[in-house]
Amino acid sequence: MSEQFSPRLCFLSGGTGTPKLLRGYSTLSDNFSVIVNVAEDVWVSGNKVCPDIDSVIYAIADVIDDTKWWGVRGDTFRTYERLKEIGFDEGMMIGDIDRATHIARSEMLRRGITLTEATRRLARAVGVKEGVEVLPACEEEVSTYIKTPEGWLHFQEFWVARRGEPEVLGVEFRGIERAKITEDVRKAVEESNAVVIGPSNPITSITPILEVRGMRELLKEKFVVAVSPIVGRRAVSGPAAKLMRAVGYEVSADGVAECYSDFLDLIVVHEGDECGWRHVDTNVLMESREDEIRLAKFIIKLVESELG
Ligand code: GDP
């Protein structure tokens, strides 16, 4: 660990773009928190898989398989393959080491431990440092469903089984009306100097965090900076563009800023991209560890200068 930086940041994250930034950020600081989307969580073979939480803790602990940005580097798939051989296709590739995370999480939940506490224990177990808090957005189960011409599909079915191919007619977060922020989430936001909405899918990764009761009000009180997951007119990866278009947002940095318009102070856009909102530009592409660290440093400097 190199030098420590003074501002304590609270990140909002999905499972691919922001974890890249977090891997870079954790080489500079181990004093930050991350609030993670849980609306893509799904039960597989009796175990709760939290794809975004897992990617975040694996990225921060630097054990993530960064060829895919999910799962553990060097993992094997023997259980998954064997299950397929005996006629049981889980539909989602789960590595053997990764599966241990899901089993441990599910056992903790069955014993009455909260998802927040289970996440804290798993984070420590995989190597996330003491000062780093990884928090589920809420305790309640929320599930993203995508409306397609074939009917409603669970997000995992849409994205993993159907490779994001069906036309998108709408998005729904089932269970969100019961979800409320936890005390840990409240503390993480309140005790931070600034909130960073990482470059994650605004529709399926960030909106389900924002829609948790109490979240938007908390953010209105903070300095909030977003990093655009859209470069030019395209998402760097994944279905963000398709989903933004489907729910009525322009696929651009402006469209991203508009998703956060009720509390956003500043957006970081890709160099040369135009934006009608208060913005700064830099290279937001993270194609290497150096890129991740460079962008993390840029954000620290930005927050320091904004907070004066
Ligand atoms: P998911 O949970 O797997 O959908 O992951 P996220 O929502 O965290 O990340 C998906 C988003 O990350 C997509 O909208 C991508 O455009 C964005 N993304 C992926 N890699 C990068 C990158 O290197 N830079 C930026 N700015 N965005 C990225």
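Summary table below
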read-out: Boolean, VAL303 is more than 12 Å from the ligand (Cβ to nearest atom), surrounded by 14 or more Cβ atoms within 10 Å (Cβ to Cβ), farther than 27 Å from ALA161 by Cα and under 17 Å from the mean Cα position of the chain (by Cα); value: no
read-out: Selection count where residues are of a type in the set (Phe, Trp, Tyr) and either farther than 19 Å from ILE113 by Cα or assigned to a helix (DSSP H, G or I) (or both), scope the stretch 42-62; value: 1
read-out: Test: residue in the stretch 209-220 that is modelled with pLDDT of 95 or more, on the phi > 0 side of the Ramachandran plot and more than 16 Å from the ligand (Cβ to nearest atom); value: yes
read-out: Residues being part of a loop (DSSP other than H, G, I, E, B), within 16 Å of the ligand (Cβ to nearest atom) and touching a Lys or Arg at 6+ places or on another chain (Cβ under 8 Å) - total across the stretch 63-83; value: 3
read-out: So ASP75, is it surrounded by fewer than 24 Cβ atoms within 10 Å (Cβ to Cβ), under 16 Å from ALA125 (Cβ atoms) and either touching a Gly at 6+ places or on another chain (Cβ under 6 Å) or among the hydroxyl-bearing types (Ser, Thr, Tyr) (or both); value: yes
read-out: Test: residue in the stretch 207-224 that is in a loop (DSSP other than H, G, I, E, B), under 17 Å from the mean Cα position of the chain (by Cα) and under 17 Å from ILE35 (Cα atoms); value: yes
read-out: Tally of residues being more than 9 Å from the ligand (Cβ to nearest atom), part of a loop (DSSP other than H, G, I, E, B) and out of contact with any Asp or Glu (no Cβ under 8 Å at 6 or more places or on another chain) across the stretch 6-26; value: 0
read-out: Verdict on VAL171 being assigned to a strand (DSSP E or B), crowded, with 23+ Cβ neighbours inside 10 Å and of a type in the set (A, V, I, L, M, F, W, C); value: no
read-out: Selected residue [β-branched (Val, Ile, Thr) and touching a residue at least 24 places away in the same chain (Cβ under 8 Å)] from VAL224, VAL280, VAL251; value: VAL224
read-out: Members of the stretch 251-308 that are out of contact with any helix residue (DSSP H, G or I) (no Cβ under 8 Å at 6 or more places or on another chain), among the small types (Gly, Ala, Ser) and closer than 23 Å to ILE209 by Cα; value: SER252, ALA253, ALA257, SER261
read-out: Residues satisfying the stated conditions in the stretch 200-245, i.e. surrounded by fewer than 23 Cβ atoms within 10 Å (Cβ to Cβ) and among the hydroxyl-bearing types (Ser, Thr, Tyr); value: THR207, SER237
read-out: Residues satisfying the stated conditions in the stretch 79-117, i.e. of a type in the set (S, T, N, Q) and either surrounded by 15 or more Cβ atoms within 10 Å (Cβ to Cβ) or more than 29 Å from CYS138 (Cβ to Cβ) (or both); value: THR79, THR101, SER106, THR116
read-out: Residue match in the stretch 93-102 (condition: in contact with a Leu (Cβ under 7 Å, 6 or more places away or on another chain), at negative phi and more than 14 Å from the ligand (Cβ to nearest atom)); value: yes
read-out: Residue satisfying all of: in the stretch 90-125; β-branched (Val, Ile, Thr) and assigned to a helix (DSSP H, G or I); nearest to PRO19 (Cα to Cα) among these; value: THR119
read-out: Residues satisfying the stated conditions in the stretch 246-258, i.e. within 22 Å of THR144 (Cα to Cα), within 13 Å of the ligand (Cβ to nearest atom) and crowded, with 19+ Cβ neighbours inside 10 Å; value: TYR249, GLY255, VAL256
read-out: Search result, residues across the stretch 48-77 that are touching a helix residue (DSSP H, G or I) at 6+ places or on another chain (Cβ under 6 Å) and farther than 21 Å from VAL34 by Cα; value: ASP75, THR76
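The values are calculated or read from the model by the stated rules, or taken from the named source; none is laboratory data. Given the structure is predicted, the values throughout are model-derived calculations rather than measurements. Virtual Cβ from ideal backbone geometry, glycine too; neighbours counted across all protein chains shown.
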